[in-house]
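Comments concern the structure below.
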Amino acid sequence: QKVTVEVLDHLEHLALVDFRDAEGVERLQKAVQFADQLHEVNTDGVEPMDSVLEDRCLYLREDDVTEGNCTNELLKNAREKVEEYFVAPPGNIPLPKLEERETFLQG
Amino acid sequence: LKGGLRFQVSAALKEGHVTPTELCQRCLSLIKSTKFLNAYITVAEETALKQAEESEKRYRRGQPLSVLDGIPIAVKDNFNTVGIETTCASNMLKGYISPYNATVVQKLLDQGAVLLGKTNLDEFAMGSGSTDGVFGPVRNPWSYSRQYKEKSVPKSHSEDEESNWVITGGSSGGSAAAVSSFTCFAALGSDTGGSTRNPAAHCGVVGLKPTYGLISRHGLIPLVNSMDVPGILTRCVDDSAVVLGSLAGHDPKDSTTIQDNFKPFELPNLTDVSKISIGIPKEYHAPGLSSEILALWSKAADLFKNAGAKVIEVSLPHTRYSIVCYHVLCTAEVASNMARFDGLEYGHRSDMNKSTESMYAATRREGFNDVVRGRILSGNYFLLKQNYENYFIKAQKVRRLIANDFVKVFGSGVDILLTPTTLSDAMPYMEFIKEDNRTRSAQDDILTQAANMAGLPAINVPTGLSERGLPLGLQFIGQSFQEKQLLTVAKWFEKQVKFPVIQLEVKRHDHGAFQHQKSVSFS
């Protein structure tokens, strides 16, 4: 059962990462095949495990401000900034559809 | 340089037989002579010397901060360090200088350790060879050992030496190589599926994976939040206990660290193992396990038996599914964790400016290698609405079964499990790259990552040399938060097997072939 082009396209959108070439797509197909072995295991009545520390209470600390005021430090690593803002290109423009963008999946 | 932390080097520093600056300079010089190993991405020469000078002042006043004061250490390049680049061996973080130290780094610095530099790894710690980073592969120091050279049959002259070198294993290969080649006394690695224990086995050093929740992950760039732990690489078990003691404990900045009070411990010199029960999980006789390692494992079991310990075969029935389970959970968490790399706040940013989404896509296309991109895409696949239940949730259920296997075995009276760490000795690089990263990881992680699945502590102890003259290690897996018991048994074992010192043949910058330099000067 191969992964369809629609799903591959959808994944490129979600991940904002490209498959790049046939090898990339094949890599995913193999990964899914590999993961399918999980279905051999009987997990009836078994609860999913999120964390090995599930039997302990998650630590909550007091709501006290102990650090901050490090705007300059944080802005140092950003390439595009204006005053205290990170600058992003315009949002609300969706990634071009499969037919319109440069992606290996077109072929 | 070959002395152990606890009883030799620290004593030498205290008594003034050697000064922190001398020690630091020797290590820096050795790093230069072993540059071809490619173990270090960044060497922080200036800051290290400054730290060494400060340490020297403290020793002169008779006020060292701790047993680690003045001790040169190295840190894997996926831990944040102030003022020193943190790259994760990726184009995505080239040039990134963190504004904060990872908690474990801060703890080491607070105790006076001298940070020599950041070590090489697989990109974003994804891999089992330390071959897939943008700064190139790390070479196993044992490739240049007399032990290896004696056993290899040269087909042609020096050409063969160049192409014959073996991998360190991974992903903490740089750290393992750094410790193995004497350029530092201890190094930090990370362990998500075996990334500290695997290179430890291949490089003949001690690699400790602590219990999940014991050591803070704050500042460790995350791969799999529910499995990652900082790893400790040293040349002997006693040293790993020292480093563990300085790092373990609750961190308010990492809510996944347990709140129990941690008391650093010194390892007793165990002489009587008759009260110990060692379990030998039969499923760890995995397909592809070399006959050499099988024999070594068997010999080790007999060693315990003959010394009076109870040695029994046990079963961890879901072992063969742990690698598949890991594959799904790891890629799923990676898909989430890598989402933060979008070029806006830090790291690489593409020049593409048409829209936010296209900028993110271009940045990630330019910044990540195939391995990282592959895992992100796979992870996103398993997390799709139509797949979530069948893959992600299913894997989480299988995870519980794997963890329960261990609970049952430890509950039946077994104290420690003894298993191989790797399937064979280190492979030549030219052979390793014939298969892709995912295949190799699936093969190499098989013996190590169930411990990450269950959050248990595990340690690689160098045990013997293979027919090719390369290190072979064995793994001990302990019970949650029972590091003292685990390390005590590991130390006893280490004493019995007397793993040979590497006879590294390297041209030094200053005089003398250093393999003749014994630890006499430090005792």
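The values are calculated or read from the model by the stated rules, or taken from the named source; none is laboratory data. Keep in mind that this is a model prediction, so the values were computed, not measured. All Cβ positions, glycine included, derive from the backbone under ideal geometry; neighbour counts span all protein chains shown. Only protein heavy atoms, including side chains, enter the accessible area calculation; ligands, DNA and RNA are left aside. Shrake-Rupley method; radii C 1.70, N 1.55, O 1.52, S 1.80 Å.
Could you tell me whether residue B:106 is over 13 Å from residue B:175 (Cβ atoms) and touching a helix residue (DSSP H, G or I) at 6+ places or on another chain (Cβ under 7 Å)? Criteria not met by residue B:106. In this structure, residue A:66 does not satisfy being within 9 Å of chain B (Cβ to nearest Cβ), assigned to a loop (DSSP other than H, G, I, E, B) and open to solvent by less than 40 Å² (accessible area, probe 1.4 Å).
Please pick out the residue among B:192, B:234 that is within 14 Å of the chain's Cα centre (by Cα) and within 14 Å of chain A (Cβ to nearest Cβ).
B:192
The residues of the stretch B:87-111 that are buried (at least 22 other Cβ atoms within 10 Å of the Cβ), touching a residue at least 60 places away in the same chain (Cβ under 8 Å) and in a loop (DSSP other than H, G, I, E, B), listed by number, are B:88, B:90, B:101, B:102. For the stretch B:364-400, the set of residues classified as free of Cβ contacts under 8 Å to residues at least 60 places away in the same chain, within 26 Å of residue A:54 (Cβ to Cβ) and among the hydrophobic types (A, V, I, L, M, F, W, C) consists of B:382, B:383, B:384, B:393, listed by residue number.
Table: residues versus (1) among the β-branched types (Val, Ile, Thr); (2) at positive phi; (3) buried (at least 24 other Cβ atoms within 10 Å of the Cβ).
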| site | (1), (2), (3) |
| --- | --- |
| B:55 | no, no, yes |
| B:70 | no, yes, yes |
| B:115 | no, no, no |
| B:120 | no, no, yes |
| B:127 | no, yes, yes |
| B:135 | no, no, no |
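The set of residues in the stretch A:11-22 being open to solvent by 70 Å² or more (accessible area, probe 1.4 Å) and either closer than 24 Å to residue B:325 by Cα or in contact with a Leu (Cβ under 6 Å, 6 or more places away or on another chain) (or both) consists of A:14 alone. In the stretch B:276-287, the qualifying residues are those that are at pLDDT 95 or above and either touching a Lys or Arg at 6+ places or on another chain (Cβ under 6 Å) or open to solvent by 60 Å² or more (accessible area, probe 1.4 Å) (or both), and the one that is farthest from the other protein chains (Cβ to nearest Cβ) is B:277.
Residues in the stretch B:369-419 that are under 21 Å from residue A:16 (Cα atoms), aliphatic (A, V, I, L, M) and surrounded by fewer than 23 Cβ atoms within 10 Å (Cβ to Cβ): B:371, B:383, B:384. Has the stretch A:30-49 got any residue that is within 30 Å of residue B:97 (Cα to Cα) and either in contact with a His (Cβ under 8 Å, 6 or more places away or on another chain) or hydroxyl-bearing (Ser, Thr, Tyr) (or both)? Within the stretch A:30-49 (the criterion being within 30 Å of residue B:97 (Cα to Cα) and either in contact with a His (Cβ under 8 Å, 6 or more places away or on another chain) or hydroxyl-bearing (Ser, Thr, Tyr) (or both)), the answer is no, since none of the residues qualifies. May I ask you to verify whether residue B:211 is buried (at least 21 other Cβ atoms within 10 Å of the Cβ), touching a residue at least 12 places away in the same chain (Cβ under 8 Å), in a loop (DSSP other than H, G, I, E, B) and hydroxyl-bearing (Ser, Thr, Tyr)? Yes.
Here is the figure for the stretch B:325-341: residues that are more than 15 Å from residue B:437 (Cα to Cα), of a type outside the set (Lys, Arg) and either touching a strand residue (DSSP E or B) at 6+ places or on another chain (Cβ under 9 Å) or free of Cβ contacts under 8 Å to residues at least 60 places away in the same chain (or both) total 3.
Residue count for the stretch B:112-127 under the criterion of being within 25 Å of residue B:449 (Cβ to Cβ), in a loop (DSSP other than H, G, I, E, B) and out of contact with any strand residue (DSSP E or B) (no Cβ under 9 Å at 6 or more places or on another chain): the result is 3. Looking only at the stretch A:23-50, residues that are more than 9 Å from chain B (Cβ to nearest Cβ), open to solvent by less than 60 Å² (accessible area, probe 1.4 Å) and farther than 19 Å from residue B:384 by Cα come to 0 in all. Sub-8 Å Cβ pairs linking a first residue in the stretch B:279-307 that is of a type in the set (Val, Ile, Thr) to a second residue that is surrounded by 14 or more Cβ atoms within 10 Å (Cβ to Cβ) and in a helix (DSSP H, G or I), at least 6 apart or interchain, are B:280/B:297; B:280/B:301, ordered by first then second residue.
Considering the stretch B:308-346, the residues that are within 11 Å of another protein chain (Cβ to nearest Cβ), under 20 Å from residue B:451 (Cβ atoms) and assigned to a loop (DSSP other than H, G, I, E, B) include one that is most open to solvent (accessible area, probe 1.4 Å), namely B:317.
Being in contact (Cβ under 8 Å) with a residue 60 or more places away in the chain, in a loop (DSSP other than H, G, I, E, B) and more than 10 Å from chain B (Cβ to nearest Cβ) holds for only one residue in A:98, A:105, and it is A:98. Identification of helices (runs of 4 or more DSSP H) wholly contained in the stretch B:419-523 with 3 or more residues that are at pLDDT below 95 yields B:429-432, B:437-444. Examine the stretch B:216-231 for a residue that is closer than 24 Å to residue B:501 by Cβ and either modelled with pLDDT under 95 or surrounded by 24 or more Cβ atoms within 10 Å (Cβ to Cβ) (or both), and state whether such a residue exists. There is at least one residue in the stretch B:216-231 that is closer than 24 Å to residue B:501 by Cβ and either modelled with pLDDT under 95 or surrounded by 24 or more Cβ atoms within 10 Å (Cβ to Cβ) (or both).
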